[in-house]
1. Can you pull out the GluC sites (Glu not before Pro) in region 119-189 that DSSP calls coil and that have at most 16 other Cβ atoms within 10 Å?
2. Anything in the chain that counts as a DSSP H helix reaching 24 Å or more along its axis (C-alpha) with Kyte-Doolittle mean of at least 0.0? List them, would you?
3. Could you tell me which residue out of Ala163, Val85, Pro196 lies farthest along the dipole of the chain toward its positive end? Charges go on the beta carbon: Lys and Arg +1, Asp and Glu -1, centred on the Cα centre.
4. With only Lys, Arg, Asp and Glu charged, each at its Cβ (+1 for the first two, -1 for the last two), find how big the charge dipole of the chain is about the Cα centre; round to the nearest 20 debye.
5. For n ≥ 4 DSSP H runs only, could you compute -39500 (n - 2.57) per run for the chain, divide by its residues and tell me the 222 nm figure to the nearest 500?
6. How much accessible area per residue does region 36-151 have, counting only protein heavy atoms and a probe of 1.4 Å, in square angstrom?
7. Quick one: among Ala135, Ala26, Ala143, which has the greatest mean-square fluctuation in a GNM of the chain with alpha-carbon springs under 10 angstrom?
8. Please report the carbon-and-sulfur percent of the accessible area for the chain; probe 1.4 Å, protein heavy atoms only, DNA, RNA and ligands left out.
Amino acid sequence: MRNVYVIDHPLVQHKLALIRDERTGAKEFRELVEEVAMLMAYEVTRYLPLEEVEIKTPIGPCKAKMISGKKLGVVPILRAGLGMVNGLLKLIPAAKVGHIGLYRDPETLQPVEYYCKLPADVGERELIILDPMLATGGSAVMAVDLLKEKGANSIKLMCLIAAPEGIEALHKKHPDVDIYTAAIDERLNDHGYIVPGLGDAGDRLFGTK
Ligand code: URA
């Protein structure tokens, strides 16, 4: 599928199976989500440009490579996206973190913004939106809308599980946004949950119901 990268690394798939399992409690769930986000960060950052630098090892001079200039930003969609932030920051400690808060209007079922705080230089950063579940795609589309309104011009989305409906919705409105996911599931149910999915990601992360 165009623009969709499924991270099929065995470690990611093994940990995703544990995350999906209804017997996995909140503590283990949180640890696993963070670990999978960290492993996926490896793929999301694969094409960052490198530059040659001169350093000195204890033995002598050495031409080495470092990431050149590109500034990164991670943008969790509240609240479930928070579970993925530390995994990325462990690998990319210099990344800035923006936050987007959205809730679903009970009447229209459409996402509504209630919070948005982003790095000032959003237009100069490669941004990675974090949300474990790409379900209807409504929140992801709105998050990208908001980021583009603020001047963003390089945006990726990282999730754990995507529904075909969400991928289609995001592609239709924002075909320039690459999607990184650990799995593409079957479909949405009547309540907008991904089948088989993992249940409510926010509730499982934070022990709410
Ligand atoms: N949000 C969730 O937490 N789970 C789903 O299955 C869909 C949206």
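1. Glu186
2. Values: long enough: 26-44 (26 Å, 0.26).
Long hydrophobic helices here: 26-44.
3. Going by the Cα projections, it comes out as Val85.
4. Values: 26 positive and 29 negative charges, 124 e Å.
So the dipole magnitude of the chain works out to roughly 600 debye.
5. On the way: 6 runs with 68 residues, N = 209.
Value at 222 nm, helices only, nearest 500: -10000 deg cm²/dmol.
6. Values: 6380 Å² over 116 residues.
In whole numbers, region 36-151 has 55 Å² accessible per residue.
7. Per the Cα network of the chain with a 10 Å cutoff, Ala26 tops the list.
8. Whole-percent figure for carbon plus sulfur exposure: 54.
The values are calculated or read from the model by the stated rules, or taken from the named source; none is laboratory data. Note that the structure is a prediction, hence the values are computed from the model and not measured. Positions of Cβ are backbone-derived with ideal geometry, glycine not excepted, and every protein chain shown enters the neighbour counts. Calculation scope for accessible area: heavy atoms of the full protein, side chains included, ligands and nucleic acids excluded. Shrake-Rupley method; radii C 1.70, N 1.55, O 1.52, S 1.80 Å.
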